[in-house]
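Accompanying notes for the structure given below.
The values are calculated or read from the model by the stated rules, or taken from the named source; none is laboratory data. Quantities reported herein were computed from a predicted structural model and do not represent experimental measurements. Note that each Cβ is placed from the backbone with ideal geometry, even for glycine, and that neighbours are counted across all protein chains shown.
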Amino acid sequence: AADSALYQAKRKGRANYQFYTSEFTAHAVNLLSIEHGLRLALLNNEFILHYQPQIDLKTEKVIGVEALLRWQHPELGLLEPDKFINIAEDTGLIHTIGQWVLYTACLQAKVWHNTGFPKLQMSVNLSGHTLLHDPKLVMHVNQALIDSQLEPHLLKLEITEGILQTAEHSIAVLFELKSLGIGLAIDDFGTGYSCLNSLKRLPIDTLKIDRSFIQDIMRDENDQAIASTIIAMARTLNLKVIAEGVQDAEQLSFLRTQNCNMVQGYIFSQPITAIAIEDYLRNHLLSPE
Ligand code: C2E
Ligand code: MG
Ligand code: MG
Ligand code: MG
């Protein structure tokens, strides 16, 4: 049927053919060109990392940064991950891209450790696809630690909550990762369906409260209750908790009353380049102990 539709469209002339193309295949063409672009991006070094500070609420000092991937696209400009991560995952390119992210972030962390920020933690997002499907993941993380000489406990991998209920296999891999001595955080917490029991049997040390609960926290009592419950639960389970997406002073003081450990959000800084974050760190340095 598609063939004959195409044939009809061609017979009707060029304008109609183009219409057919945009209706039915533009999406596929777009996917293909992004896939091709992603392959070139790896070769041409078009990926960069931006960093967002993670702040200790008690001291208001930076204790770590999260590495966030950007693509400096030759024509489209600076792209955020929502424009390309899905395609990277669907094509399997995410494993190689993730490896680049991991190496770059570990090497950068080590540079910062050697230039005045010795205890800075580095958080790196790990794709659920890689956790599930890349048999070399643990080896790559181990190799990145060896090559960068980064102290393992200063590396944190962030895994979205959604991936955890999918497979026993991913839990086994988490234990292998943990045995390297690194930290593990659950990202976007509250959006999945973890039960207390499953949290207890995972080798994780940090929960990150999803931004969607923080956004309306001063107006929405449900969000307030959810955030408070997550914070209290984390304390009971001996986990650290980070609130994501904190944008104003009211949200911050609410989180302080709940004894949330750490915050991340535009109120402190958007994700910025490595050079820009060095200035930021100089002014908000964690106290060296
Ligand atoms: P995420 O790991 O939950 O990262 C937090 C996202 O929230 C970032 O978006 C950050 O820029 C944004 N954000 C932080 N503070 C605020 C705030 O106060 N207000 C608002 N509105 N937004 C805030 P970004 O950088 O666009 O990344 C989106 C997602 O893409 C990340 O969510 C993560 O899941 C994924 N991602 C980013 N880098 C990587 C990577 O290297 N590998 C993989 N696999 N995924 C990545
Ligand atoms: Mg964004
Ligand atoms: Mg994250
Ligand atoms: Mg998140």
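Those helices (runs of 4 or more DSSP H) of the stretch 155-235 in which at least 1 residues are within 16 Å of ligand 1 (Cβ to nearest atom) and of a type in the set (D, E, K, R), considering only elements entirely within it, cover 211-215.
Yes/no per residue for (1) within 16 Å of ligand 4 (Cβ to nearest atom); (2) within 21 Å of residue 259 (Cα to Cα); (3) among the acidic types (Asp, Glu); (4) modelled with pLDDT under 85:
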position	(1), (2), (3), (4)
158	yes, no, yes, no
165	no, no, no, yes
174	no, no, no, no
186	yes, yes, no, no
189	yes, yes, no, no
210	yes, yes, yes, no
222	no, yes, no, no
228	no, yes, no, no
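Name the pairs whose Cβ atoms lie under 8 Å apart, with the first residue in the stretch 257-280 and free of Cβ contacts under 8 Å to residues at least 24 places away in the same chain, the second within 16 Å of ligand 3 (Cβ to nearest atom) and among the aliphatic types (A, V, I, L, M), and 6 or more positions between them or separate chains? Short answer, once both residue conditions are applied: 266/246; 267/246.
Residues that are under 17 Å from residue 212 (Cβ atoms), crowded, with 16+ Cβ neighbours inside 10 Å and of a type in the set (Val, Ile, Thr) are absent from the stretch 269-287. Here is the figure for the stretch 149-187: residues that are over 23 Å from residue 104 (Cβ atoms), within 16 Å of ligand 3 (Cβ to nearest atom) and among the charged types (D, E, K, R) total 1. Cβ-Cβ contacts under 7 Å between residues 6 or more apart (or on different chains), taken from a first residue in the stretch 60-83 that is over 22 Å from residue 38 (Cα atoms) to a second residue that is in a loop (DSSP other than H, G, I, E, B) and within 16 Å of ligand 4 (Cβ to nearest atom), are listed as 66/264.
Of the numbered conditions (1) out of contact with any His (no Cβ under 7 Å at 6 or more places or on another chain); (2) modelled with pLDDT of 95 or more, residue 272 fails exactly one; give the number of that condition. Evaluating residue 272 over (1) out of contact with any His (no Cβ under 7 Å at 6 or more places or on another chain); (2) modelled with pLDDT of 95 or more leaves (1) as the failure. On the given criteria, is residue 45 within 21 Å of the chain's Cα centre (by Cα) and more than 27 Å from residue 283 (Cα to Cα)? So residue 45 fits the description; yes.
Taken over the stretch 59-89, the criterion of being away from ligand 3 (no atom under 13 Å from the Cβ) and in a strand (DSSP E or B) is satisfied by 62, 63, 70, 71, 72, 73, 77, 78, 79. The lone criterion from (1) surrounded by 16 or more Cβ atoms within 10 Å (Cβ to Cβ); (2) more than 14 Å from ligand 1 (Cβ to nearest atom); (3) not hydroxyl-bearing (Ser, Thr, Tyr) left unmet by residue 116 is number (1). Name every residue in the stretch 236-256 that is in a loop (DSSP other than H, G, I, E, B) and among the aliphatic types (A, V, I, L, M), in order of residue number. Once the filter is applied, which keeps residues that are in a loop (DSSP other than H, G, I, E, B) and among the aliphatic types (A, V, I, L, M), the stretch 236-256 yields 237, 239, 246.
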